[in-house]
Amino acid sequence: MLAVCLILLVSGCSPKLAQKYVDYRIDVPDSVADKSSSERDSTDLALEFEATYVALDNDPPITNKESDADVLKRVGAALEASGWILVEPDVEYAVATDKRKFASWLFYTVEAELEVIIIGRKYVRVLIHPYRHYFWGARGRIPYLKSGMARAVFESLDEEFTAQGFKFIGNAGMRDAAFQKGSG
């Protein structure tokens, strides 16, 4: 009983964590792509998540006629327009960025790299790889992503990805929350 109380107490004090990726749908009608992220409010996003959950569940036929290389060129253009510097990816059919500093603390800085991959010719997944870079040269992967850093990274990308014709659909947690909100 004491252990359960201690876990509840500690979990209430823990920071809000975010998943280390977001997804975008590739084949977006021009009318949706023209709407910038600043024109959307939280209700629009919740409706988009809910509609996306249904669309993912029904798995519509593939309508994307672009080659993977063309999609990755659009992804690269969106990343560069967001201020990221592209580097050679470790895997084929991906786009990778150089590390970017997000915070400086006493003994380390927080850096992140992005990697974008195509999933099933319908979606692209933007993965963030956060690291601590210590002043003595060591570098360690951060196993979680605080929501503030997630916002700083992903919100800066959203406008450029939308301009390139991708539709933001969030991550599994966002889609589940929208689904729960819509069915409850």
Give or take rounding to whole Å, what are the principal axis extents of the alpha carbon atoms in the stretch 132-184, in descending order?
51, 31, 14
Grab the Cα-Cα distance for Glu159 and Ala103, subtract it from 0.36 nm times how many residues apart they are, and report the gain in nm with one decimal.
17.9 nm
Taking only the Cα atoms of the stretch 85-184, how large is their convex hull per residue, in Å³?
136 Å³
How would you order 135-148, 158-171 from highest to lowest mean count of nearby Cβ atoms within 10 Å?
158-171, 135-148
Which pairs, out of Lys20/Lys146; Lys99/Lys167; Lys73/Lys122; Lys73/Lys146; Lys101/Lys146, put more than 18 Å between their alpha-carbon atoms?
Lys99/Lys167; Lys73/Lys146
At a 10 angstrom cut-off on C-beta neighbours, averaged per residue, how do the peptides 112-123, 81-92 rank from highest to lowest?
112-123, 81-92
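Laboratory data are not the source of any read-out in this text; all were calculated from the coordinates shown. Keep in mind the model is a prediction, meaning the values are calculated, not measured. Cβ: placed from backbone, ideal geometry, glycine included. Neighbour counts: every protein chain shown.
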